[in-house]
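Let me begin by presenting the structure, written as structure tokens, before commenting on it.
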Amino acid sequence: MAMVSYRSENIKAALDIDRVVSFYGYEPNRQGFVSCPFHSEKTASCKIYPKSNSFYCFGCGAGGDVIDFVRLLYGLDFRQACVRLEADFGLVGVTDSASPELSERAKKRNAEKVEYKALKERFVRYNQIIRDSKPKAQGEPPSPEFVEAIKEKPHIENRLRELEEKWK
Ligand SMILES: [Zn+2]
């Protein structure tokens, strides 16, 4: 099982969700939606999320990563979906062998995702502090939390933007 999960991490690191859905004939529209392959619909309601490399359908609730997409699309099991992606995207011998470079990429991407989530939480908290603990009277000294929030927020914004740019 360890082998499969190592391999699937490499596949996910190597393949961007928008590239995968386009390959199978689902071109995201300008809002990032595709016509859902998993239920019948008139308006595209399956959203593609390049940043988290995932998809989610607001119509039927289908969702997941690149492997889930192919698994659901062709009715495959997890292993078969990995094999299919490797064949279709020329990854045979890359993702299924011990490739340190790819697995480093997968590890880095995962670490960045964790960092992004933590920063996003701090960003929301700082915004709350800035909104709620503004000095009320003129001349009243600002609280240390407020000062910290004002000082740190631009750095967090920069880093979030940096990560978003990288995942585009
Ligand atoms: Zn759907």
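The values are calculated or read from the model by the stated rules, or taken from the named source; none is laboratory data. Just so you know, these numbers come straight off a predicted model, no measurement behind them. Cβ placement follows ideal geometry from the backbone for every residue including glycine, while neighbour counts extend to all protein chains displayed. Keep in mind that these areas ignore ligands, DNA and RNA; they rest on the heavy atoms of the full protein, side chains included. Shrake-Rupley method; radii C 1.70, N 1.55, O 1.52, S 1.80 Å.
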Check your understanding: Are any of the residues in segment 45-58 at pLDDT 95 or above, more than 14 Å from the chain's Cα centre (by Cα) and open to solvent by 50 Å² or more (accessible area, probe 1.4 Å)?
Key -> yes
Review point. Got a number for residues in segment 80-119 being exposed (fewer than 13 other Cβ atoms within 10 Å of the Cβ), more than 17 Å from the chain's Cα centre (by Cα) and at pLDDT 80 or above?
Key: 2
Exercise for review: Would you check if there is a residue in segment 145-153 being free of Cβ contacts under 8 Å to residues at least 12 places away in the same chain, open to solvent by 60 Å² or more (accessible area, probe 1.4 Å) and of a type in the set (Lys, Arg)?
Suggested key: yes
Study note, to complete from the structure: Taking segment 60-79 and keeping residues open to solvent by less than 50 Å² (accessible area, probe 1.4 Å) and free of Cβ contacts under 8 Å to residues at least 40 places away in the same chain leaves Gly61, Ala62, Gly63, Gly64, Asp68, Leu76
**Study point:** Residue list for segment 20-44, filter: buried (at least 18 other Cβ atoms within 10 Å of the Cβ) and not in a loop (DSSP other than H, G, I, E, B)
**Key:** Val20, Val21, Phe33, Val34
